[in-house]
2 protein chains.
Amino acid sequence: MHPRNELLTGIALGAVGVAAILNWQCIYDKIENVVRRRKPSSGRVKRAALKNEYDRDPEMRKKMEAYVLDLQSRIVTALEEIEDEGDEASAAFDGVERRPGKKFRRDPWERPNGRGHGLTCVIQDGSVFEKGGVNVSVIYGDLPKAVLERMSAYQTNMELEKVKSMKFCAIGLSMVIHPRNPHAPTFHCNYRYFDTDNGGMWWFGGGSDLTPSYLYEEDAVHFHTVLKNACDKFGEDLYAEFKTTCDLYFRNTHRNNEMRGIGGVFFDDFDRFEASKSFEMAKSLGNSVIESYCPLVRRRKDTPFTENQKRWQQLRRGRYVEFNLLHDRGTKFGIAMPDARTESILMSLPLTARWEYKHSPEVGTEEAKLMDAVLTPKDWVSL
Amino acid sequence: MHPRNELLTGIALGAVGVAAILNWQCIYDKIENVVRRRKPSSGRVKRAALKNEYDRDPEMRKKMEAYVLDLQSRIVTALEEIEDEGDEASAAFDGVERRPGKKFRRDPWERPNGRGHGLTCVIQDGSVFEKGGVNVSVIYGDLPKAVLERMSAYQTNMELEKVKSMKFCAIGLSMVIHPRNPHAPTFHCNYRYFDTDNGGMWWFGGGSDLTPSYLYEEDAVHFHTVLKNACDKFGEDLYAEFKTTCDLYFRNTHRNNEMRGIGGVFFDDFDRFEASKSFEMAKSLGNSVIESYCPLVRRRKDTPFTENQKRWQQLRRGRYVEFNLLHDRGTKFGIAMPDARTESILMSLPLTARWEYKHSPEVGTEEAKLMDAVLTPKDWVSL
């Protein structure tokens with residue numbers, strides 16, 4: 001599938017939180033996309049092959065929930081270890097003693113009437129991490145009749161034909177981490193699985209992306225190389241495709257089209273491989289989170305910084321807020337849901353942010369170097 | 001006209017800046033609204049009366065531009081006087097000497113090809129004002145064919161029938177002021193005029209609203225009383241109608257429907273009176289800006305405050321950002337325009353803002369009192 005199509009039809013689920021997964025318009029689009037892809041319109045694709053390829057795994061919900069809970073636990077542990085190490089530079093900057101490491105606050109939650117559950121892990125005002133969250137959510141729901149009617153236009157050859165209602169399940173992990181130190185980058189990822197009780201609909205989605213305030217090329221190379229390695233086992237073109245999707249999606253179109261950061265990978269409504277292999281691919285990327293990000297925080301968290309560098313970080317945080325609130329489809333539609341868990345969705349926002357009228361870095365500065373990187377996608381792994 | 005209709009059809013222009021005025025969907029809606037209102041569907045309204053009542057004043061653009069430029073100049077002067085007085089409490093809080101007053105930065109701008117001009121006045125990091133802008137914009141454009149086609153469905157009895165293209169002009173003043181001191185409220189207003197070269201379309205819109213971090217009831221009473229007095233000369237029910245429109249519009253629907261602040265007045269596609277009287281009404285409200293707001297800043301700007309109070313202000317600024325970026329139709333559609341002047345639109349954002357996971361004020365505190373005021377609209381003038 002062409003990355004551009006993925007971009008247009010499927011990337012609405014990039015936000016943190018449950019509600020994103022329940023965005024109906026987005027689900028309509030995805031279903032049409034998946035069904036259109038599967039329909040043997042030319043007769044060249046054999047019916048049997050199709051069925052075999054796309055049948056969902058009845059155990060996948062259990063497997064995915066167990067996986068993201070385990071991943072969440074591993075990530076939280078890894079971050080708490082870094083948190084315990086402290087950030088000498090930030091303590092010095094704030095004129096305080098070395099701050100003790102904080103633990104993530106674990107906030108389990110349930111939706112009424114068995115409609116789902118989750119575990120939100122949040123850290124705030126820590127020694128290394130100014131704000132961050134790692135959220136797991138498991139949501140059960142019913143696809144509304146309108147979706148089924150739209151589906152029937154595509155599904156005439158498939159067993160969906162006579163289905164009158166369709167229950168679905170959406171399971172995902174979302175994470176955003178904003179470190180204190182302006183030299184340490186912000187990180188976001190989201191890995192999720194969607195399927196229906198009948199009709200054979202299922203897909204995986206997700207991605208990881210990095211948002212530094214200061215560009216360290218070796219960090220960008222490390223980050224993208226880890227992601228590429230995680231993709232390469234499943235197809236040599238996947239990384240390039242997912243990177244392009246990511247670069248196109250995370251853009252502040254109202255800010256001269258600048259990207260939120262230096263990108264990463266992004267994919268959605270992914271069922272190109274059979275279920276078990278698609279799951280392995282999602283896991284490969286999920287498992288790369290710690291390796292892709294933690295060494296970068298460790299490497300930068302004690303770097304001394306100036307008042308101006310802190311201010312620049314805060315201005316970049318402002319852009320992060322702009323993207324998440326103005327453009328991120330998951331956030332926008334998520335908060336429009338009747339029983340949205342706003343606090344889980346907006347835990348992606350930094351602790352603090354800043355806006356100055358017409359701020360623009362001077363030519364030749366480190367700030368200008370970052371701007372160049374976010375205005376022009378780069379092929380980091382080839383550097 | 002029922003306030004609810006005004007809300008649904010016309011309030012998209014509440015944001016700061018030019019681009020808001022150019023939101024096509026919004027202009028479609030307004031035009032349909034205005035035309036529907038004018039059409040003598042029952043035959044009871046005489047053609048002559050209609051024409052007389054709604055004919056636009058060919059001098060109104062000049063009058064409105066002169067008016068908003070003069071108003072801008074008066075407002076900037078009034079704010080600079082306050083700025084010169086300084087904010088002792090903020091200086092003490094920051095452990096600095098009394099800051100000298102800053103001047104507004106005057107930033108005139110032009111759109112290419114005679115499509116308009118404006119003057120953006122901005123203050124940042126001042127002694128009293130942390131961030132603020134007073135923006136005048138004059139925009140010329142062409143209504144696209146789609147709008148004219150939609151109009152023709154309504155306009156069969158009017159001289160618009162054979163119009164093939166329609167040039168318009170939109171003139172407005174927008175303003176947002178965020179003081180440093182958490183006891184001094186944030187203020188927003190917007191007053192604007194729209195008309196077309198032919199076809200007799202014109203309307204006024206605008207409003208003022210107040211966003212305190214701490215509620216001083218006497219301030220709310222003062223603010224609303226000044227606005228009510230400005231409205232009352234033109235109809236005894238106007239204030240109540242405009243207040244309701246304002247209360248309904250400035251809501252963070254994703255935050256338990258809390259209002260951005262304690263409201264004010266808001267009206268749009270207003271042509272209920274003949275042009276000169278509608279202009280007088282808009283001017284009456286525009287002229288009330290200084291009286292409604294400046295005494296409140298003077299009264300609160302030197303009030304000592306604590307670290308916690310500053311933090312609370314920052315959290316409320318976060319909600320201000322959420323409203324402007326997630327909900328304000330003017331901002332959202334404005335930034336989607338091809339040649340949007342993003343810096344003028346987003347000058348409404350505070351210098352700094354803050355987000356904490358699940359922050360909630362304790363019962364009985366001053367912070368809880370503010371929350372009560374933003375969760376339940378109050379009839380301030382009757383207190």
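With B:Asp237, B:Asp195 as the choices, which residue is surrounded by fewer than 20 Cβ atoms within 10 Å (Cβ to Cβ), more than 14 Å from chain A (Cβ to nearest Cβ) and of a type in the set (D, E, K, R)? Write out each step before concluding.
Details: B:Asp195 fails: surrounded by fewer than 20 Cβ atoms within 10 Å (Cβ to Cβ).
Just one listed residue meets the conditions, B:Asp237.
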>> within 11 Å of chain A (Cβ to nearest Cβ), touching a residue at least 40 places away in the same chain (Cβ under 8 Å), closer than 30 Å to B:Trp202 by Cα and small (Gly, Ala, Ser): is that true of B:Gly334 in this structure?
In response: yes
> Under 8 Å by Cβ, and 6 or more places apart or on different chains, what pairs join a residue from region A:356-375 that is away from chain B (no Cβ under 14 Å) with one that is basic (Lys, Arg) and part of a helix (DSSP H, G or I)?
Replying inline: A:Leu370/A:Arg316
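Can you pull out every residue in region A:343-377 that is part of a loop (DSSP other than H, G, I, E, B) and surrounded by fewer than 18 Cβ atoms within 10 Å (Cβ to Cβ)?
A:Lys358, A:His359, A:Ser360, A:Pro361, A:Glu362, A:Val363, A:Gly364, A:Thr365, A:Thr376, A:Pro377
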> Assuming A:Tyr214 fulfils every condition listed in (1) within 24 Å of A:Glu85 (Cβ to Cβ); (2) over 14 Å from the mean Cα position of the chain (by Cα); (3) buried (at least 23 other Cβ atoms within 10 Å of the Cβ) apart from one, which condition is it?
Replying inline: (3)
>> Can you find, within region A:327-366, the residue that is nearest to the chain's Cα centre (by Cα) among those that are of a type in the set (Gly, Ala, Ser) and modelled with pLDDT under 80?
In response: A:Gly330
> Among the residues of region B:82-97, how many are part of a loop (DSSP other than H, G, I, E, B) and surrounded by 13 or more Cβ atoms within 10 Å (Cβ to Cβ)?
Replying inline: 2
>> Please go through (1) crowded, with 19+ Cβ neighbours inside 10 Å; (2) at negative phi for B:Gly116 and return the number of the only condition it doesn't satisfy.
In response: (2)
> From the set of residues in region B:264-304 that are small (Gly, Ala, Ser) and more than 20 Å from B:Val381 (Cα to Cα), which is surrounded by the most Cβ atoms within 10 Å (Cβ to Cβ)?
Replying inline: B:Ala282
> If you check B:Phe129, B:Phe104, B:Phe93, which single one turns out to be within 20 Å of the chain's Cα centre (by Cα) and more than 27 Å from B:Ala170 (Cβ to Cβ)?
Replying inline: B:Phe129
> Taking the stated definitions as given, is A:Phe323 among the hydrophobic types (A, V, I, L, M, F, W, C), within 14 Å of chain B (Cβ to nearest Cβ) and under 30 Å from B:Thr331 (Cβ atoms)?
Replying inline: yes
>> For the list (1) within 11 Å of another protein chain (Cβ to nearest Cβ); (2) outside any helix (DSSP H, G or I); (3) hydroxyl-bearing (Ser, Thr, Tyr), I need the number of the one condition that A:Thr303 fails.
In response: (1)
>> I need a count of the residues in region B:274-299 that are touching a strand residue (DSSP E or B) at 6+ places or on another chain (Cβ under 8 Å) and over 26 Å from B:Glu59 (Cβ atoms).
In response: 4
> Looking at region B:327-345, which of its residues are of a type outside the set (D, E, K, R) and more than 17 Å from B:Thr211 (Cα to Cα)?
Replying inline: B:Gly330, B:Thr331, B:Phe333, B:Gly334, B:Ile335, B:Ala336, B:Met337, B:Pro338, B:Ala340, B:Thr342, B:Ser344, B:Ile345
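The values are calculated or read from the model by the stated rules, or taken from the named source; none is laboratory data. In this text the structure is predicted, and so the values were computed from the model without any measurement. Because the Cβ atoms are built from the backbone with ideal geometry, glycine has one as well, and the counts that use them run over all protein chains shown.
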